[in-house]
Amino acid sequence: MTKIKTACPMDCFDVCSIDMVVEQDKIMDIKGDIEDPITRGFMCKKGLQLIDRLRHPHRLTAPMKKVKNKWIEISWSTAIEEIGQQLLKIKDSSGTESIIHYSESGHGGLVKNIDTAFFNAYGTITVPQGSLCWGAGIGAQTMDFGDVLGHDPLDYLHAKVIIIWGRNPAYTNAHMIPILKEAQSNGAKIVLIDPVKTATAAIADYYYQTNPESDGMLAMAMAKIILEEKKHHKDFVQSFCNNFEAYAASLEAMDLEELIARTGLSKENIYQLTKLYADNSPSTIILGYGLQRYKSGGKNIRLIDALGALTGNIGVSGGGVNYANKYISSFVDREYVSNNQGRAHRTFKRPLFHQYVLEEQKDEVKGIVVTKSNLVLQQPNTKKTMEAFKSIPFKVVIDLFMTDTAQLADYVLPCTHIYEEEDFMFSSMWHNYFTYTEKAINPPKNVKNEFEIFNLLADYIGLKDFTNNYNNPQQYLDKALKPLLNKLNCSLEDLKGKRQKLEGNDIPWANKVFATPSKKFEFIVPNLHDFNLVDQEDETYPLQFLTLHPKNSLHSQHFMDVDAGELPEIFANENTLRNWRVEESQRVVLVSAFGKLHVTVKIDNGVKDNVVIAYEGWWLKNQGVNNLTPSGISDIGDQAIYNNCRCRLEV
């Protein structure tokens, strides 16, 4: 028996450390790393299901080609030859910019990023910019701090108040919960701010149910009260911040009652919340991603960042405004990983994929290669996305399964699972731990890892520089991680099979020197006229539709086995359903300006009045929730605006 150290590859906050026992190419035991201070010996259901995907009956084990609308198995030599010929033909006839490489975060490791190096060797292709996930928040914190860094999760234990703002760690960040409970036992107060009374409310000392999209309004109301009561940290804002005077003057000109009215909270609630935060330093704020999936999503984050600076809760133990954590990624040689060679690629805004294909470059996109993504399902406005994808003449998908995106492709190439390869796994969202994972078992006979796939393609189409410089995963990791290895003063081999913490970021900005051009924190100067809020009085679509992350699936990855035809569930409170004369378990149609969704109704009195929620991830055989969501981008970061979705019920 052999003991193996690996890690979860899903695009999740936790990136759990995993211990397994392997014997004769079979996994005999698997469990969370008991010695890891984050994983603490347990895995969530999503992580445990990784092993089911290895030998799943629907796993792809051979290259597939669509012939007369039917899938047939082909050999690797045929697949490489035909795909390679198409890439050469398109390059010669239409130029490399007519090819889209669409990649997402379906795998969180470094090695599968070899796709980027390949396409940069191929030529100046077209790539998306922006995000379906976190872009507005990343852009916002970059404007405020100069970089996006988060406190070590164990530093929460030093906070007196922990505000969880728009995040549901009970479902999406399970290993945070024991840390929150420990902080609570130490005397910290847990505060939850969310339009939905999620499972995380069960451990909260205070819960504030806000209107959707009103987070920036709440932050401004709190800041206005703090300034009026002179509770702001004068030394911090004067010594380490820019634009404080303009920020304060802008807030002074605003009407507090108007701000409060927009939040959906009472005046008493907001004063109570403000007192909790301002009177109990150090206090930390932990942000979710839903509150930036609006047109004004970037401003929402910037205004909450400003609360942290206003109270001096930046750069101190137990403080911070924690959104993501890109500390480890700063020690990756991105120039080598990308193989960009100074090229200026044609780009399009990721949430506007269909607009780019069907309008901006109508009939000009000749091919698309999709890696680590199920874009047809995850893009907003499913109907238009499918139309755009189908219109592209040449389509290739690399995946483990025949996803909804793969079903619409011309070729699907099967790839390896995390347990069948080595990789470097780290979190860019939460903590400072990484794992150089070990290969546990061999893949199915006819399945290849991406390194081999792209080297075979490169060899066929004559990309000698690529095959010379990117032909070995270990060499790739050694070069890509050179900045990290230099910092740790070790070799790549020294890291293999180990979980390790990268020190130096437990308390970001402790020296009060920020990564902005001014080296100071940059206050936003808010203007109410800049907020593009949805019409809450829309008579045609009077309900707000929010799509939340499910507990037991990372996006669509674990909805594969849901029976075809099973209807998605929506949740609303009894008052909302009563107004629509709808009862629990009734089948209804949810209608937006972009599509319809046949659903089953469930009662959840934790949902705010006139709000309907669903958990995203349903495959097209169950319709998919993005049939309803709008196209569009946020104010900062080209982020999808899923939550700016209005709808109505039809019985």
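The values are calculated or read from the model by the stated rules, or taken from the named source; none is laboratory data. Predicted model only: the values in this text are computed from it and were never measured. Every residue, glycine as well, gets a Cβ built from its backbone with ideal geometry; the counts of neighbours run over all protein chains shown. To get the accessible areas, we keep the full protein, side chains included, count just its heavy atoms, and leave off ligands, DNA and RNA. Shrake-Rupley method; radii C 1.70, N 1.55, O 1.52, S 1.80 Å.
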Inset, instruction - Rounded to the nearest 0.05, what FRET efficiency do Ser75 and Lys230 give with R0 = 60 Å and r taken as the Cβ-Cβ distance? Could you check? - result: 0.20
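Please report the carbon-and-sulfur percent of the accessible area for the chain; probe 1.4 Å, protein heavy atoms only, DNA, RNA and ligands left out. Please report the intermediate quantities before stating the final value.
Working: 11450 of 24740 Å².
After summing per-atom areas, the C and S share lands at 46 percent.
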Legend entry - Relative frequency of Cα-Cα separations exceeding 18 Å in region 108-156, percent: 60 percent
Inset, instruction - Classify region 344-467 as rounded, prolate or oblate, taking a ≥ b ≥ c as the square roots of the eigenvalues of its Cα gyration tensor: rounded when a/c is under 1.5, otherwise prolate if a/b is larger than b/c and oblate if not. - result: prolate
Inset, instruction - State, in angstrom, two size descriptors of the chain derived from its alpha carbons: Rg to one decimal place and Dmax to the nearest whole number. - result: 24.7, 73
Legend entry - Accessible area (Å², 1.4 Å probe, nearest 10) - Cys133: 30 Å²
Legend entry - Listed residues Thr142, Thr39 arranged by accessible area, highest first, probe 1.4 Å: Thr142, Thr39
Legend entry - Using alpha-carbon coordinates, inclination of helix 450-461 to the longest axis of the chain, degrees: 50 degrees
Legend entry - Listed residues Lys608, Lys267 arranged by accessible area, highest first, probe 1.4 Å: Lys267, Lys608
Legend entry - Expected 222 nm ellipticity per residue - DSSP helices of 4 or more, -39500 (n - 2.57), all of the chain, to 500: -8000 deg cm²/dmol
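Over the chain, what is the relative contact order in whole percent, taking alpha-carbon pairs under 8 Å and six or more residues apart?
Details: 1432 pairs, mean separation 140.7, N = 651.
In percent, rounded to a whole number, it is 22.
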Legend entry - Over 32 Å (Cα to Cα) - which of Lys326/Lys349; Lys3/Lys372; Lys395/Lys608; Lys66/Lys464; Lys448/Lys621; Lys31/Lys295 fall in this group: Lys395/Lys608; Lys31/Lys295
Inset, instruction - Round to the nearest 10 and give me the degree value, 0 to 90, for the angle of helix 267-278's Cα axis relative to the longest principal axis of the chain. - result: 70 degrees
Inset, instruction - Provide the per residue accessible area, probe 1.4 Å, for region 66-173, rounded to a whole number of square angstrom. - result: 33 Å²
Inset, instruction - Report Glu252's accessible area, 1.4 Å probe, all protein chains in place, as a number in Å² to the nearest 10. - result: 140 Å²
Inset, instruction - Round to the nearest 10 and report in Å² the accessible area of Thr540, as given by a 1.4 Å probe over the protein chains' heavy atoms. - result: 80 Å²
Legend entry - Relative packing of 84-90, 164-170, which averages over residues the other C-beta atoms within 10 Å, highest first: 164-170, 84-90
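Let me make sure I get this right: for region 53-112, a, b and c are the square roots of the gyration tensor eigenvalues over alpha carbons, sorted descending. Under 1.5 in a/c it's rounded, otherwise prolate if a/b > b/c, else oblate. Which is it?
It is oblate, given that a/c is not under 1.5 and a/b is not larger than b/c.
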Legend entry - Folded to 0 to 90 degrees: helix 297-310 orientation relative to the chain principal axis, Cα: 50 degrees
Inset, instruction - Report, ordered by chain and residue number, the aspartates and glutamates lying within cross-link reach of Lys501, taken as a straight Cα distance under 12 Å and ignoring same-chain residues fewer than 8 apart. - result: Asp36, Asp152
Inset, instruction - Quick one: order Lys326, Lys181 from most to least accessible surface, probe 1.4 Å. - result: Lys181, Lys326
Inset, instruction - Percent of Cα-Cα pairs per 5 Å bin, from 0 to the last occupied bin, for region 6-46, please list those. - result: 6, 24, 30, 22, 12, 5, 1
Legend entry - Out-of-range pairs (alpha-carbon distance over 32 Å; input Lys65/Lys551; Lys5/Lys445; Lys181/Lys519; Lys46/Lys496): Lys65/Lys551; Lys181/Lys519
Inset, instruction - Can you spot the lysines whose alpha carbon is less than 17 Å from Lys512's alpha carbon? Ignore those fewer than 8 places along the same chain. - result: Lys234, Lys520
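Place the peptides 20-31, 380-391 in order of packing, highest mean first, counting for every residue the other Cβ atoms within 10 Å and averaging per peptide.
On the way: 20-31: 13.3, 380-391: 19.8.
My ranking of the peptides, most packed first, is 380-391, 20-31.
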Inset, instruction - Give the accessible surface of region 536-651 per residue, rounded to a whole number of Å², with probe radius 1.4 Å and ligands, DNA and RNA excluded. - result: 41 Å²
